[in-house]
Amino acid sequence: RSLLLEHFNLDVEFRTLGSQQDQNFLATSHGSLEPLGVLKISNPAFSRLELELQEAVAERLAEDNPDVRVARVATLDGQRVEGWFDTTQGCLHLCLLDYIEGVTLTGGCYLAPSVIERMGELAGRVSRSLASMSHPGAARTLQWDLRHARRVVDEIGAANLSPRGGDTIARATDEAWQIVESLAAQLPRQLGHFDLTDDNLVGACGDSPTPDGIIDFGDVTDSWAIAELAVTISSMLHHDGVEPRSVLPAVKAFDAIRPLSDAEVTALWPLVVLRGATIVVSGQHQAVIDVNNEYVAASLDSDWRIFEQAASLPLDVMTGLFRHVLERPAAPLCDTSDYGRIMDLGSEKVVTLDAGTTSEVNDNGGWRDVNALERAALDSLDAGAATAVLPFNSIVLTGSPILSPTEPRTVTTETSIWSSTERTVLAPTAGEVRTLEDAIEFWFDDVVLRLSGARPATTESEVGEGRAIAVLRARSRVRIQLRAARSSAIPSLVSAGYAPGWLSVVADPARLLGLPESVAPRRSDLLERRGRVLARVQDHYYETPPQIERGWREHLIDVSGRVYLDMVNNVTSVGHAHPRIAAAASRQLRLLNTNSRFNYEAITTFAEKLVATLPKELDTVFLVNSGSEATDLAIRLAMAATDRRDIVAMCESYHGWTYASDAVSTSIADNPNALDTRPDWVHTVDAANSYRGRYRGEDARRYATEAVEQIEMLGAAGTAVAGFISESFFGNAGGVPFPDGYLAAVYGAIRAGGGLAIADEVQVGYGRLGHWFWGFEQQGVTPDIVTVAKSIGNGHPIGAVITSQAVAERFRSQGYFFSSTGGSPVSCVIASTVLDIIREERLQANAATVGTHLKQRLEALGVRHELIGAVHGSGLYLGVEFVQDRETLEPATAQTAAICSRLLELGVIMQPTGDHKNVLKIKPPLCIDQTSVDYFAEMLDRVLTEGW
Ligand code: PMP
């Protein structure tokens, strides 16, 4: 303080900031809270030249990258605030650095892919800027310079500082160093920051700050250029949800700015491992010699996590993954056409098995049966095949223990065969046979042929080409894997996200078996095809959605076998791929499917079952194909029955896309122009939302009073109203119940004026609310017309309008009613079965118990997470509303979108709803169980805790 006052006339106050080896303080002007800068007292171990180097590098980066904020020496009144000063602790260098406002990524917060990409981009830009720079201060020896990683680990680790997992570190260091050392001569060197980590990248304050500021030039030196990226990447690995492959966007971004050479791609992950090892041993060392340094002590766990993640996969698997995303595949492991055949399967009948997501083997939940694949193979043999083959690089869903949303291992790294007869396996060339406990291996050139499930055919170890090496038993599975000799055991199945990496260290054994090589699945172009042929306004969920091709109960499965928890699907009310529905539809398709003007049983049976769920006044059914059609027809029924044309609708509602249903749809989330483009026959009343509407809490009673007044005024002004339409429970706002007595008052006013009350039950009806089968029961009213769709067909297109005979009869003035496939035999059989399932599987009761449990868990999250403004809803129609401020209720729209994206990464399908798109709409299939809703609550808690 006194030095700054004396030399720079600055009266400042300080707050200590952490540092590994210097002393940093946040400086504010005396009596002010505004930060003035960061005072750095450099460790006297650093020379003048080294400090000049740091300043020069900061200047260069600032010059080259004007959009990046760089912490340079502050200039106040034209004077640079720095210098060397004699102190009681010797001659020290002090400088005041620019204060870069914002937050670093310090801590274990989640890093969104866009943040990871940005970190890689910044590393690339720094590397590019400094490539041509040189400075005499760069001739320094730094512990953090990865060129010295081996020495750091050996010397500090050997000092026996009880490093956690010392052996693991030593082994991983050996392996990584071996690769780096062999490439050292090919790795270009240059000046670099070499500490562009989460701690030193600053972003504007916010939930998920995108960094645009760089601080801390303490590790600037001359080293391998690729170390810049390795250091940045390693700092990501301790963050929540980050795993090795999460760093890929950073690698791509770096490469796009500063292209990586082949040697650099190969050295990258080994350097990440070495960085992990050095920070673990250095941190432990520092913790011993600097016992009171809290900054160091606090990082020990995250340091270890970095190392652990880096060492969690074989180095060449990660390198293979990098090559894959950079579209620079390595040469194949070996050319199998160079060798003799070990068997000749191609000359006989071969059946290629499909165990992937869309395979019939997996129908009716068959994918949960561990024996399904085996059975399919043996069935093929029984049907006359000589062999059944499960190819290399194919998807195996069958037998996966996947009823929770995870990314299971589904990609084969080997070929499996079942032979109808016993067969001999011949050596493809001269090589060595090794008989292990669980397999026979044949080592030749740089590869290993591994046969699991075969028995030995020889006791010799060195054999020549064509000699018998193993025997396959008849009708028994044998796995054949061809791996690089340098690789240790490779799992039979790997997860799709890492498959390109694993597949780079194995080869397809097909040609050795006399079979054609399996064609690697091409990158899916489904979205591009969709974009070319489907109207773009016919939107899809998510920017890059998974390709979902199978469902089961409340789960969805994509083509790679990844499982998601479907928390939004009220269309699929009784669960995905319900076997009873599949069977009923299939049987009816074999019997009859036709237009609904014929006389067949299914239409009558379904209509009878439907009216049995409703009050007795509602005894007459119209069948259509969708909710929009149902709304359209309901409006026309009201108009025909009253001989009027004006309709009152509620704001913030959605009722469909057809001309009339769109006219009464007022939600600006679905159509931003909704309110300005209402035709003159549509009148609106306020959204009766007691949480965020005009009237809240007790005041919410006024919605009814005002709506009644409006309806009466319309009548008084000579605009007699045909009807009032709204949902019966505010689904579009996220499941907000209307204030007590609201519908009773409004229906009363409408009827007093001679109009009809229409209840849209498309979303909330059919047992979803748990405590009531129909939403209007919650309000204690009976509408004149009810519309329902979506859930009644479990995804099959069918909708219904239910009213009284009297109202229905009045439609004769419009001619007759006919919808070709509305109520077709197949639709009605499906709809009947849905009702049977809801009753027999007690799904309404399930909605009540599981929904109530979930609501309690979500409310408990609301106590801990400020962002949750309210939890709305009943049964399995729930809404979690996110607000920036619990007083103003400012909607947290961007956060809601980001939370949904993060939930997808965690295996949960979730979407926003409401006019501000700030409510999670929770409406899973009614068969969802407690384990699944608990998973959802846990994942939401995790996202709200760690970030999005
Ligand atoms: N009414 C409500 C309340 C709805 O939510 C929807 C669809 N989201 C519809 C009607 C229209 O149904 P469909 O999409 O089947 O035409």
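The values are calculated or read from the model by the stated rules, or taken from the named source; none is laboratory data. Computed from a predicted model, the values in this text were never measured in an experiment. We place every Cβ from the backbone using ideal geometry, glycine too, and count neighbours over all the protein chains shown. The accessibility values were calculated without ligands, DNA or RNA, using every heavy atom of the protein model including side chains. Shrake-Rupley method; radii C 1.70, N 1.55, O 1.52, S 1.80 Å.
If you go through the stretch 799-823, how many residues are open to solvent by less than 10 Å² (accessible area, probe 1.4 Å) and within 16 Å of the ligand (Cβ to nearest atom)?
Looking only at that region, the number is 6.
Provide a single number: the residues in the stretch 81-117 that are outside any loop (DSSP other than H, G, I, E, B) and at positive phi.
Qualifying residue count for the region: 2.
Scanning for something free of Cβ contacts under 8 Å to residues at least 60 places away in the same chain and open to solvent by less than 30 Å² (accessible area, probe 1.4 Å), does the stretch 848-862 turn up at least one residue?
yes
Which of (1) over 22 Å from Thr719 (Cα atoms); (2) open to solvent by 70 Å² or more (accessible area, probe 1.4 Å); (3) within 16 Å of the ligand (Cβ to nearest atom) is the odd one out, the single condition Val624 does not satisfy?
(2)
In the stretch 661-689, what residues are small (Gly, Ala, Ser), surrounded by 21 or more Cβ atoms within 10 Å (Cβ to Cβ) and within 12 Å of the ligand (Cβ to nearest atom)?
Once the filter is applied, which keeps residues that are small (Gly, Ala, Ser), surrounded by 21 or more Cβ atoms within 10 Å (Cβ to Cβ) and within 12 Å of the ligand (Cβ to nearest atom), the stretch 661-689 yields Ser661, Ser665, Ser667.
Of the conditions (1) assigned to a loop (DSSP other than H, G, I, E, B); (2) in contact (Cβ under 8 Å) with a residue 60 or more places away in the chain, Ser132 satisfies every one except a single condition; which number is it?
Result: Ser132 passes all but (2).
Identify, please: which residue in the stretch 290-306 is out of contact with any Gly (no Cβ under 7 Å at 6 or more places or on another chain) and hydrophobic (A, V, I, L, M, F, W, C) and is, among those, surrounded by the fewest Cβ atoms within 10 Å (Cβ to Cβ)?
Val291
If the Cβ limit is 6 Å and pairs must be 6+ apart or interchain, which residue in the stretch 60-89 that is of a type outside the set (Gly, Ala, Ser) pairs with which residue that is surrounded by fewer than 14 Cβ atoms within 10 Å (Cβ to Cβ)?
From the stretch 60-89, the pairs are Trp84/Cys91.
Considering the stretch 767-798 alone, what residues qualify as being within 12 Å of the ligand (Cβ to nearest atom), crowded, with 24+ Cβ neighbours inside 10 Å and closer than 14 Å to Thr833 by Cα?
Within the stretch 767-798, Ser791, Ile792, Gly793, Ile798 qualify.
With respect to Gly78, determine if the residue is at pLDDT below 90 and either surrounded by fewer than 21 Cβ atoms within 10 Å (Cβ to Cβ) or closer than 15 Å to Gly213 by Cα (or both).
yes
Taking the stretch 759-809 on its own, how many of its residues are more than 33 Å from the chain's Cα centre (by Cα) and either in a helix (DSSP H, G or I) or among the basic types (Lys, Arg) (or both)?
Qualifying residue count for the region: 8.
Can you find a residue that is modelled with pLDDT under 95 and open to solvent by less than 60 Å² (accessible area, probe 1.4 Å) anywhere in the stretch 62-72?
yes
Please specify each residue of the stretch 693-739 satisfying the condition of being away from the ligand (no atom under 16 Å from the Cβ), in contact (Cβ under 8 Å) with a residue 24 or more places away in the chain and charged (D, E, K, R).
Correct list: Arg701, Glu712.
In this structure, does Arg636 turn out to be out of contact with any helix residue (DSSP H, G or I) (no Cβ under 6 Å at 6 or more places or on another chain), away from the ligand (no atom under 13 Å from the Cβ) and open to solvent by 40 Å² or more (accessible area, probe 1.4 Å)?
Yes, satisfied.
For the structure I just gave you, tell me whether Asp934 is surrounded by fewer than 16 Cβ atoms within 10 Å (Cβ to Cβ) and under 27 Å from His239 (Cα atoms).
Criteria met by Asp934.
Which of the residues that make up the stretch 206-249 are open to solvent by 10 Å² or more (accessible area, probe 1.4 Å), in a loop (DSSP other than H, G, I, E, B) and in contact with a Pro (Cβ under 7 Å, 6 or more places away or on another chain)?
Scanning the stretch 206-249 gives no hits.
If we scan the stretch 436-448, do we find a residue that is assigned to a loop (DSSP other than H, G, I, E, B), of a type in the set (D, E, K, R) and closer than 30 Å to Asp379 by Cα?
Scanning the stretch 436-448, I find at least one residue that is assigned to a loop (DSSP other than H, G, I, E, B), of a type in the set (D, E, K, R) and closer than 30 Å to Asp379 by Cα, so the answer is yes.
From Ser573, Ser560, grab the single residue that is within 20 Å of Gly793 (Cβ to Cβ), surrounded by 21 or more Cβ atoms within 10 Å (Cβ to Cβ) and touching a residue at least 40 places away in the same chain (Cβ under 8 Å).
Ser573
One line per residue, one yes/no per condition, for (1) in a helix (DSSP H, G or I); (2) in contact with a His (Cβ under 9 Å, 6 or more places away or on another chain); (3) among the hydrophobic types (A, V, I, L, M, F, W, C):
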site: Met119; (1), (2), (3): yes, no, yes
site: Leu142; (1), (2), (3): no, yes, yes
site: Arg150; (1), (2), (3): yes, no, no
site: Ile156; (1), (2), (3): yes, yes, yes
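Identify all residues within the stretch 485-503 that are over 13 Å from Phe392 (Cα atoms) and part of a helix (DSSP H, G or I); write none if there are none.
Gly501
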